[in-house]
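Only the coordinates and a few stated rules stand behind these numbers; no lab work does. Just so you know, these numbers come straight off a predicted model, no measurement behind them. FYI the Cβ positions are ideal-geometry reconstructions off the backbone, even for glycines, and counts take in every protein chain you see.
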Amino acid sequence: MLAGIFPSRTLTFYLARLFIVRILGVLVMLVLILQSLQLLSESGDILAVPGNGQAELWRYVSLNVPALFAKYLPYSVLLATLLTFAPLNQNSEIIAMRAGGLSAHQILAPMLLTALAVSLVNLVFNETVVAPATGTLKTWTANKYRPVPPDSGVRSNVYVPDGNDIVAAASVTGSGKTIVMTGVTWYQRDGAGMVTEQLRSPRANYAAPGWRLESPVRFDVASTVQTAVPSQVVARGVTPAQLALTKVDPDGQNIAQLSRSIQAVKASGRRTSELEAKWWHKLSGPFSAVLMPLLGSVAAFGLARSGNLLIRAVAGMALGFTYFVVDNAALAMGNFGGYSPLIAAWAPFVLFFLVGETVLVRTEE
């Protein structure tokens with residue numbers, strides 16, 4: 001069965017070796033260039049912090065490089081496909097393979113198998129190295145490259161809806177019934193979603209149910225009049241468990257951690273479509289490398305002496321980069337709820353797989 005899918009063992013290893021060497025070469029080149037540019041951009045901010053020096057620069061590099069490797073690996077597979085197929089076509093090696101009775105799919109099979117192996121390695125690398133490094137880097141960057149203090153349990157910029165209304169707090173401390181909000185604003189909205197009234201308070205305690213505002217001040221949006229009002233209870237549908245959830249960073253969590261975060265956010269009654277789309281994309285993203293040999297294979301077939309080799313190589317590159325554009329657009333639509341998370345993550349993959357197969361079949365004909 002495998003003999004019908006792959007060419008000879010020698011030819012399979014020859015094509016796979018050519019492909020993997022070019023993938024690694026292109027990937028290292030891209031990462032070195034991009035990391036150098038980013039380091040030049042961020043080094044001023046890193047060194048501006050008293051006490052930071054060369055060790056902090058190397059720390060930035062060590063935390064940022066894994067994300068660059070994972071992000072640009074599919075691009076490297078696409079460029080490596082073109083750099084592999086174009087010389088093979090130019091030197092008539094593809095013609096020799098076709099003359100030996102190999103179909104286009106058989107010639108492409110070693111590349112697809114190599115791309116699948118690369119995708120699996122990228123998936124494991126994302127889960128074990130990239131996610132924790134990205135989370136650490138984002139925390140450090142948010143702290144302006146200053147030493148990050150231990151977690152104090154304080155949540156900042158908390159924003160929770162209660163039906164059509166919204167409660168926002170500058171900070172939240174404590175847990176359970178002892179939880180306290182400071183810098184509180186209660187937004188009352190009409191049916192159209194427009195804010196009609198605000199209640200501002202320096203502090204709010206849990207009133208079981210609701211939150212009791214201390215020394216609140218009412219601001220009427222229509223009249224722009226601000227008046228002091230007695231203490232009152234608002235946001236009766238908001239529980240301490242909802243406030244205990246901080247903003248979830250899907251890029252800084254692996255699949256298992258993100259699954260738990262999604263369940264917690266769902267239990268709090270919040271929208272999870274963005275997190276679910278990111279969860280599915282943690283699978284579809286690495287496997288996008290499998291598509292690249294298929295999309296770039298247009299450069300492999302056709303007579304080189306026809307003068308269209310460059311045009312076919314550009315067409316293959318355009319197909320590959322169009323996939324990344326469509327993938328990002330679909331993910332954005334999934335984040336806003338325009339598509340279901342599953343469709344947002346996998347529809348571009350399926351679509352461009354069919355496009356690549358169509359182009360390959362038409363080329364073979």
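Hey, what do the phi angles of region 14-21 turn into as Karplus ³J(HN,Hα) couplings, whole Hz, using 6.51/-1.76/1.60 and θ = phi - 60°, x for Gly and Pro?
Using θ = phi - 60°, the values come out as 5, 5, 5, 5, 4, 5, 5, 5 Hz.
Taking the Cα centroid of region 1-68 and of region 222-239, what is the distance between the two, rounded to the nearest whole Å?
54
Sequence-distant or interchain residues sharing an amide H contact under 5 Å with Y339, placed H: which?
Excluding prolines and chain starts, which carry no amide H, the hits are G334.
Report the label-to-label distance for L354 and L39 in nanometres (one decimal), using points 7 Å from each Cα along the Cα→Cβ vector.
Distance between label points: 4.6 nm.
Anyone know which of M194, M333, M29 comes out most mobile in the 10 Å Cα GNM of the chain?
M194
Enter the angle in degrees (range 0 to 90, nearest 10) between the Cα long axis of helix 54-90 and the first principal axis of the Cα atoms of the chain, meaning the one along which they spread out most.
30
With Cα extents along the principal axes in Å in mind, check [x] 105, 45, 33; [y] 89, 51, 39; [z] 129, 47, 37 and report the label derived from this structure.
Of the listed options [x] 105, 45, 33; [y] 89, 51, 39; [z] 129, 47, 37, [y] comes from this structure.
Going by amide H atoms built from the backbone, whose H comes under 5 Å of the H on S231, apart from near neighbours?
Placed amide hydrogens put S215 under 5 Å from S231.
Loop by DSSP (not H, G, I, E, B), at most 16 other beta-carbon atoms within 10 Å: where is the longest site-free stretch of the chain for trypsin sites (Lys or Arg not before Pro)?
Counting only loop sites that pass the neighbour cut-off, the longest clear stretch is 1-143.
List, in order, the whole-Hz ³J(HN,Hα) value for each residue of region 315-322 obtained from phi through the Karplus relation with A = 6.51, B = -1.76, C = 1.60 and θ = phi - 60°; use x for Gly and Pro.
Computed from phi, the couplings for region 315-322 are 5, x, 5, 5, 4, x, 6, 5 Hz.
Any lysines with Cα under 28 Å of the K177 Cα? List them, leaving off those in the same chain fewer than 8 positions away.
Partners found: K247, K266.
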